[in-house]
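Heads up: the structure comes next, in structure tokens.
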Amino acid sequence: MLPRRRPDPRPDRTNDEWVAALGSDGPEAEAALADLRPVLLRALHVTLAPRVDRGADALAEDLVQRALLHVRDRVGQFRGDARFTTWAQKVAVRIALSELRRKRWENVSLDAVVADPPAAPEPGADEVMEQGEAAALVRRLIDEDLTERQQTALKAVLAGMPMDEVARRLDTNRNALYKLLHDARLRLKRAFEDRGLGPDDLLDL
């Protein structure tokens, strides 16, 4: 039995043709993925090269397969607002940036983040006192009104650690982490209200 012939390359597909091909099984989907691969690889190179001292090419090669699978799994989410390849490139870039954030935090301990969160941007001289008092109040409420696990999660997220990395460090999943942070925000809201403060008071500061 002769092997099935791979369809000819079609990098010029219309949006509907990309969606139909990637939503199918067999040679059509394989051909579409093969045609999409260099498109995503170029986007990954452009994204990674200025941000990585060395190894950008190897990292792009590692990430392109993940990006292709991500695009195929979510092809039904494409709404047709732009060219399909443009949408797919944006998906690949988001994956690359997420991976760079993960790598930046992978050797930073959660204890270090919680113990020494990054400083807030410096306000103008006329706002220093009020903003300093507001920040001190928020820090105190976090320490006094949240559970230890809520404190750790919230401080890590506020410090900029990616959600997936925080979830991994806390040995939980993303959905459970969202619930933990949601409960923490509700506790803080009640703590503000108990002290006669509302969100507008803090936003004013």
Item to check | the stretch 15-105: relative contact order as a whole-number percent, Cα under 8 Å and 6+ apart | outcome: 35
Checklist outcome for this item: In the neighbourhood of residue 77 defined by beta carbon distances under 14 Å, the net charge of the other residues (Lys, Arg +1; Asp, Glu -1) is +3
Next on the checklist: Give me the net charge for the shell around residue 94: Cβ to Cβ below 13 angstrom, other residues only, Lys and Arg +1, Asp and Glu -1.
Outcome noted: +3
Next on the checklist: Going Cα to Cα from residue 155, which lysines come in below 20 Å? Please leave out same-chain ones fewer than 8 positions away.
Outcome noted: 103, 179, 189
Next on the checklist: Suppose R0 equals 25 Å. What FRET efficiency, 1/(1 + (r/R0)^6) with r the Cβ-Cβ distance, do residue 103 and residue 170 give to the nearest 0.05?
Outcome noted: 0.85
Checklist outcome for this item: Once residue 186 and residue 42 are pulled to full extension, the length gained, defined as 0.36 nm per residue separation minus their Cα-Cα distance, is 47.5 nm
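Every number here is computed from the coordinates shown, using simple stated rules; none is lab data. Worth saying up front: this structure is predicted, and the values here are computed from it rather than measured. Cβ sites come from the backbone with ideal geometry, for glycine too, and all protein chains shown count toward neighbours.
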